Each structure stands twice: as C-alpha cells, then as structure tokens.
Amino acid sequence: MSKTCIVIVGPTAVGKTACAIDLAKILGTKIISADSRQCYRELNIGVAKPTEQELRSVHHYFINSHSIHDEVNAAVFEKFALAAVDEIFGEHDTAVMVGGTGLYINAFCNGLDEIPVIVPGIREGLIKSYQEYGLDWLQEQVKNKDFDYFDDGEILNPQRLMRALEVKLSTGRSIKTFQTHQKNNRPFSIIRVGIELPRADLYHRIDQRVDEMINNGLEEEAKKLIDFQQLNSLNTVGYQEMFSLIEGKSTLSNAIDRIKKNTHHYAKRQLTWFKKDTGTRWVIPGDCSQILEFAGL
C-alpha cells in the first residue's frame, strides 16, 4: 500500500488538535505537529499545547522538542518532519500532520527555495529596533528597502517583515528573488484538509481560549520568561502583551483585549494563507469520516 500523510491545517483555536488526535487514533498512527511555537519546551500555556493526557494518547513529534534558545525555522522543521514521517512510515501506512504555521507546512509538502546567507547580528538588531519603534517603523523600512516584497507580502506579520529586511540587508537582493516556488516531489502522497468555522464562531472560540490562558496562569508563565523576551521564539502573540503588562506599560484588561484582537488578526492571516492552496479540502471540526473519505481510507 502506498504511504500517505494527511495534513490538517486551519486557523488557531478552530479544533485542529482534537481532530488530528481522533484521526490518528482511528488510523492507529502518530502525529507530527507543524506549529512554530509548540516545539519549545519552555512555552506551555501561551501556545495552547495539547494536554498531557492528549500527548499520552497519541505520540506527537515536534512538541517539546526544542528550547527557546535554539534556532528553529522552516528549514529545521522540514528536515525534522521528513525524518519523522519516514520513521512513522516504517510502522504505518499513514501519518498525520497538524498545525497552523503555513511556512512550515509548505516546506514539508513542497520543499524550500534557496536559503540566503544572513550576516550575523542583523536579525538581533532588527528585533531590538522593532521592539523599540514598533510595526509602523518596520513596515516603512521594508517599503523603502524591498518594495517588491512590501507590495504583496505579509506586511502585518513582523516576523515576515524582519525576514525580508534581513535578506535585503545581507544580500542586497529582494527576498522575492529567492522564492522560486519550485516544488520538490515527495515519495509519498499528501492529502491536505482544512478545518474552518464561521468567523464569528471562530473569534468566540479564540476569546474563550484567551480567557482560559489567563485563568490558567499565563501571566505567571510570562514572568518566568521575561528575561528572554528578546528571543525570536518569544516574539509572539500572548507573551508580548504579557511582557508589556509585567513592565507596567499596560493594564490586565488592556493586555487581554490586545491578545484577543491580535489573535483574531493572526487567524485571519492564517486563513488567507491556507485558502491560497486550491487543493486543500475544507471540513467542519470533528468530521473525521469526510477526511478518511478524502484520503481513500
């Protein structure tokens, strides 16, 4: 029988984790997480990791696999995930991947373009300037130095903006010139399934999740991490707002509202990314039977 990886995508809080676990149990297989933050051992509440019970019920790769001090990117994930899926296929005909980090999923499914060499120190300097001057400053820098990217890139995503800027400053070339989008064929089948909800329902679930994070101790978790807030691994929604609260720059109510608002924006960007792939088939949460039908299982 041919080998197949079912890749479950969708916005944050839509129900991907529960769906992947149910599917993996039905198939008797394992899961590869494609989340750029759940891989960090030090991050828990703010990244909505699967519970200990869920992790015990199905083996997950790429969760608690790295430290916040490690360099983790799409290239690292591609190598890790290909090794993991090869290991799974040694025992099973089907693997499950689940996550909301579009760049990681694209790296696994299609491979990566040429990776430009970055001059040491540039990324650190950009992070420091971004933290001091904010998103508007970062957007203006990219607009002036790499307008090709600014014209149709993810200009609301600081990580993508800093990446475009560091490539331009290091190589003198637009990051667009490295994005050839030449697909690498994988020696196994890939079935991409998206999970979605009406926007109002999704935003309600996001707000509920944020409230649960606060009640479960997100502020205390952030206090333990604040000395490392300059790390790229912590430049993410949830922790940045908590750092502002801890430093007295925000009230708790304001921090919670900002986390909810920023997560709404993030979920919208995720959907925009995943909807670009016309081969992705979309279902509502919990519909494992339709996913199995898509995969011919």
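Its residues counted as N, the stretch 210-297 yields a C-alpha radius of gyration over 2.2 N^0.38 Å of 1.48.
Based on Cα contacts under 8 Å between residues 6+ apart, the stretch 39-95 shows a relative contact order of 38 percent. Computed with every protein chain present, the accessible area of residue 109 is close to 10 Å² [probe 1.4 Å].
Filter the trypsin sites (Lys or Arg not before Pro) in the stretch 242-297 down to the DSSP loop ones having no more than 14 other Cβ atoms within 10 Å, then list what survives.
The qualifying sites are 249, 276.
With protein chains left intact and a 1.4 Å probe, residues in the chain average 49 Å² of accessible area per residue. The alpha-carbon of residue 260 sits under 29 angstrom from the alpha-carbons of these lysines, leaving out residues fewer than 8 places away in its chain: 16, 49, 128, 143, 223, 224, 249, 268, 275, 276.
One decimal place: the segment residue 132-residue 280 gains 49.4 nm when fully extended, by the rule 0.36 nm per residue minus the C-alpha distance.
Could you compute the net charge surrounding residue 94? Neighbours are other residues with a C-beta less than 13 Å from the C-beta of residue 94; K and R count +1, D and E count -1. Net charge in that neighbourhood comes out at +1. Placing +1 on each Lys and Arg Cβ and -1 on each Asp and Glu Cβ, with no other charges, gives the stretch 109-265 a dipole about its Cα centre of roughly 460 debye. Working from label points 7 Å from Cα in the Cα-to-Cβ sense, the residue 201 to residue 215 distance is 2.2 nm. Assigning unit charges at the beta carbon (Lys, Arg +1; Asp, Glu -1) and nothing else, what dipole magnitude in debye, to the nearest 20, does the stretch 1-55 show about its Cα centre? With only Lys, Arg, Asp and Glu charged at Cβ, the dipole is about 160 debye. Candidates 170, 229, 202 compared by Cα position along the dipole of the stretch 114-242: farthest toward the positive end lies 170, with charges placed on Cβ. For the stretch 232-272, the Kirkwood hydrodynamic radius comes to 10.6 Å, computed from all pairs of different C-alpha atoms.
The alpha carbon radius of gyration of the stretch 1-94, expressed as a multiple of 2.2 N^0.38 Å, is 1.07. Taking the charge dipole of the stretch 51-153 about its Cα centre, with +1 at Lys and Arg Cβ atoms and -1 at Asp and Glu Cβ atoms, the residue from 51, 77, 109 reaching farthest to the positive side is 51. In the chain, helical runs assigned H by DSSP with n ≥ 4 each contribute -39500 (n - 2.57); averaged across all residues and rounded to the nearest 500, the mean residue ellipticity at 222 nm is -15500 deg cm²/dmol. Loop-resident GluC sites (Glu not before Pro) (DSSP state other than H, G, I, E or B) in the stretch 204-261 with no more than 12 further Cβ atoms inside 10 Å of their Cβ: 247.
In Å, the Kirkwood hydrodynamic radius of the chain over pairs of distinct alpha carbons?
By the Kirkwood definition, the hydrodynamic radius is 20.1 Å.
Hydrodynamic analysis of the stretch 105-246 uses the Kirkwood radius over alpha carbon pairs. Inserted into Stokes-Einstein at 10 °C and 1.306 mPa s, it gives a translational diffusion coefficient of 88 µm²/s.
The values are calculated or read from the model by the stated rules, or taken from the named source; none is laboratory data. Everything numeric here is computed off the predicted structure, so don't read it as measured data. Virtual Cβ from ideal backbone geometry, glycine too; neighbours counted across all protein chains shown. Accessible surface areas use protein heavy atoms only, side chains included; no ligands, DNA or RNA. Shrake-Rupley method; radii C 1.70, N 1.55, O 1.52, S 1.80 Å.
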